[in-house]
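A short worksheet on the structure shown next.
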Amino acid sequence: MSVKIRLKRFGTKKRPYYRIVVMDSRAPRDGRTIEEVGFYHPIEVEEKQLNIKEERVREWINKGARPSDTVRRLLNRVKFYL
C-alpha cells in the first residue's frame, strides 16, 4: 500500500477549506483517510491559514509516506524541511 500525505477538500463553492490527511494513494480525493495531520484554510488571514501537527507528519514520512507537491509547498512554508 502506497501512502500519501495530501489535501482533502471541504467547504462550499468558492470557499474552500482543506484538511491535510494521510491516505492510500489509490483512494479518491475525498475518500477514507488514515489520519488527519492538519488543515489549510486559504481564505483566512495569514496567521490562521495553516496548522500542521509536525511530529505526526515527521513520523509518517519516516514510515515512507510521500507528501504531494502542494503539501510539500505548505510544509516548506512553516519551515518543515524534508
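Below is a table of values for the structure above.
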| item | result |
| --- | --- |
| Boolean, Leu75 is more than 23 Å from Ser2 (Cα to Cα), among the hydrophobic types (A, V, I, L, M, F, W, C) and surrounded by 14 or more Cβ atoms within 10 Å (Cβ to Cβ) | no |
| Matching residues, the stretch 29-76, being of a type outside the set (A, V, I, L, M, F, W, C) and part of a loop (DSSP other than H, G, I, E, B) | Arg29, Asp30, Gly31, Arg32, Thr33, His41, Pro42, Glu44, Gln49, Lys53, Gly64, Ser68 |
| Total residues in the stretch 1-12, condition in contact (Cβ under 8 Å) with a residue 40 or more places away in the chain and loosely packed, with under 13 Cβ neighbours inside 10 Å | 1 |
| Evaluation of Gln49 against (1) closer than 20 Å to Arg73 by Cα; (2) out of contact with any His (no Cβ under 7 Å at 6 or more places or on another chain) (one fails), failing number | (2) |
| Residue list for the stretch 43-82, filter: in contact with a strand residue (DSSP E or B) (Cβ under 7 Å, 6 or more places away or on another chain) and of a type in the set (Lys, Arg) | Lys53, Arg56, Arg66, Arg77 |
| Residue tally, condition among the aromatic types (Phe, Trp, Tyr) and loosely packed, with under 14 Cβ neighbours inside 10 Å, over the stretch 34-72 | 0 |
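Per-residue answers, yes or no, for (1) out of contact with any strand residue (DSSP E or B) (no Cβ under 9 Å at 6 or more places or on another chain); (2) surrounded by 14 or more Cβ atoms within 10 Å (Cβ to Cβ); (3) within 14 Å of Arg56 (Cα to Cα); (4) at pLDDT 95 or above:
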site: Lys14; (1), (2), (3), (4): yes, no, no, no
site: Val21; (1), (2), (3), (4): no, yes, yes, yes
site: Ser25; (1), (2), (3), (4): no, no, no, no
site: Pro28; (1), (2), (3), (4): yes, no, no, no
site: Arg32; (1), (2), (3), (4): no, no, no, no
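The values are calculated or read from the model by the stated rules, or taken from the named source; none is laboratory data. Nothing here was measured: the structure is a model prediction, and the numbers come from that model. All Cβ positions, even for glycine, are placed from backbone atoms using ideal geometry, and neighbour counts span all protein chains on display.
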